[in-house]
Amino acid sequence: MAQRHLIDLSDLSLQELDAIISLAVKIMENPQDYDQVMKGRIMATLFYEPSTRTQLSFQTAMLRLGGQVIGFSNPENSSVSKGETLKDTIRIVSGYSDLIVLRHPLEGAAKAASLYSGCPILNAGDGGHLHPTQTLTDLVTLVQEKKTLSGLTIGLCGDLKNGRTVHSLVKAMCRYPGNRFLFISTPQLRMPQYVKDLLDTLNCPYRELDSLEEAIAGLDVLYMTRIQKERFTSEEEYLAQKDVYTLTLDKLEKAKYDLKILHPLPRVDEIADEVDGDSRAVYFKQAIYGMYARMALIATLFSSGLRQGAPAGELHAHCKNPRCISASEHYLPALFHESGGMIECAYCSQRELI
C-alpha cells in the first residue's frame, strides 16, 4: 500500500480538511480522550532549518498523544554534515520511525523525501514554497476566532514572495466560498505567479497593493509576516525591505473591532509590542492552536488515513528554479505536471511554457 504523505494541503479534499479541523477542536475540549492514540509509535523530526513553534508543537503533539520522538534540530549534528544525501537520510530514519516531520531550506524537499521514505512524510516547511501544517494551524485559529472559513476579506502583508505560510494559506482559503484577498507588499516581494494563476483559475478575487493603511479598514483577517532575512541573497536587499511594514495601534484605529491579527511567528519588527495587548491580536493563541492542529493531523494519519494525490509524470525537462531540491539532489527524477500549455515542477511548483 502506498505511503500516506502530507506535502500540501491541496492533497486533501475539503471534507478531509474539515474533519481534521473538527478533530482538533474535539481534542482541545477533551484532551484526555486522545492521550494514548499514538502509544508505541515513534515520530522523527528532521529539521534542517531553525524552528521553535513548528518543531516543539509537533514534538509536544506526539508526546501528548502517547507517542515518542527522535530526530535532530541541526543538520550539522548529523551525517548530513558529512555529505549524506536527503535520500539516504530518509531511507535510514524511516526504518527507525513510524512518521517523519521534515523541515528543509530547499523547495520541494518534502516531495523528494516522500519518494524514498518507508513511512509517512509531513511537510513542516520546504524553503519558501509551502508550509501546510502552519496553514492547518491558521484554519483552526480562524474557526475558533472567526467561527467561519468563508466570506472573509483576508489581508496578507510582508514577504509574500518567500513566505511559504502565505502561499499555503491562500491555496487553502480559496477553496472556501466568498473569500477575497488583499496582497500587501513591496513590488520586490509580490505573491508568486503560480499562486495568482490558481486564484485566476478559480475566479477568486484578489488585489495587490503596497499600503497597509489603505487596506486595513476593510479586513476581517490580517496575516502579518516577517521579512525573511534568510531568503535574501544579500544583506543590502534585506535591509531595503525589512522596515517597510510595521503594525501599530495607530494603524489599528482604522480597523474593524472584530478584526483578527494572525502571524506565523517569529516576528522581528513588523508588529509593535504595544499591539500584543489588543483583543484583536491572536498570534500567541494561534501558536497554541497549532499543537492541537498537529495532534489532530497525526491522529488522523494513523486512523482513517489521508487520501494520496495523483503522482506527477516523468518528463524530459529540467526545473530552472535554483532553490528547487532537484538543483542540488541530482539523482531525483524530473517530475512535472502538465496543464494548459504549461509544465509545473512537482517539487517546487515553478511553472514554465512547454
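Here are some notes:
- Test: residue in region 189-198 that is farther than 20 Å from Leu252 by Cα, open to solvent by less than 20 Å² (accessible area, probe 1.4 Å) and in contact (Cβ under 8 Å) with a residue 40 or more places away in the chain: yes
- Only residues that are open to solvent by 50 Å² or more (accessible area, probe 1.4 Å), out of contact with any Ser or Thr (no Cβ under 9 Å at 6 or more places or on another chain) and modelled with pLDDT of 75 or more were counted across region 227-257, and they come to 5.
- Which listed residue is open to solvent by 10 Å² or more (accessible area, probe 1.4 Å) and modelled with pLDDT of 90 or more, from Ser328, Ser339, Ser303: Ser328
- Residue check, Met291 at pLDDT below 95 and either farther than 21 Å from Leu149 by Cβ or not polar (S, T, N, Q) (or both): no
- Test set (1) at pLDDT below 95; (2) in contact with a His (Cβ under 8 Å, 6 or more places away or on another chain) - Leu86 fails condition number: (1)
- Verdict on Lys320 being outside any helix (DSSP H, G or I) and at pLDDT 85 or above: yes
- Residue count for region 34-82, restricted to those that are under 15 Å from Ala293 (Cβ atoms) and hydroxyl-bearing (Ser, Thr, Tyr): 4
- Of all residues in region 1-40, those satisfying the criterion of being open to solvent by 50 Å² or more (accessible area, probe 1.4 Å), assigned to a loop (DSSP other than H, G, I, E, B) and among the small types (Gly, Ala, Ser) are Ala2, Gly40.
- Each residue in region 175-186 was checked for being open to solvent by 10 Å² or more (accessible area, probe 1.4 Å), assigned to a loop (DSSP other than H, G, I, E, B) and either over 21 Å from Ala24 (Cβ atoms) or free of Cβ contacts under 8 Å to residues at least 12 places away in the same chain (or both), and 3 of them qualify.
- Test set (1) buried (at least 22 other Cβ atoms within 10 Å of the Cβ); (2) closer than 23 Å to Arg280 by Cα - Glu214 fails condition number: (1)
- Residue match in region 191-200 (condition: part of a loop (DSSP other than H, G, I, E, B), at pLDDT below 90 and closer than 20 Å to Arg267 by Cα): no
The values are calculated or read from the model by the stated rules, or taken from the named source; none is laboratory data. It should be emphasised that the depicted structure is a prediction, and the values quoted were computed from it without experimental measurement. Don't worry about glycine lacking a Cβ; one is built from the backbone with ideal geometry, like all the others, and counts go over all protein chains shown. Areas reflect the complete protein model, heavy atoms only, side chains present, ligands, DNA and RNA absent. Shrake-Rupley method; radii C 1.70, N 1.55, O 1.52, S 1.80 Å.
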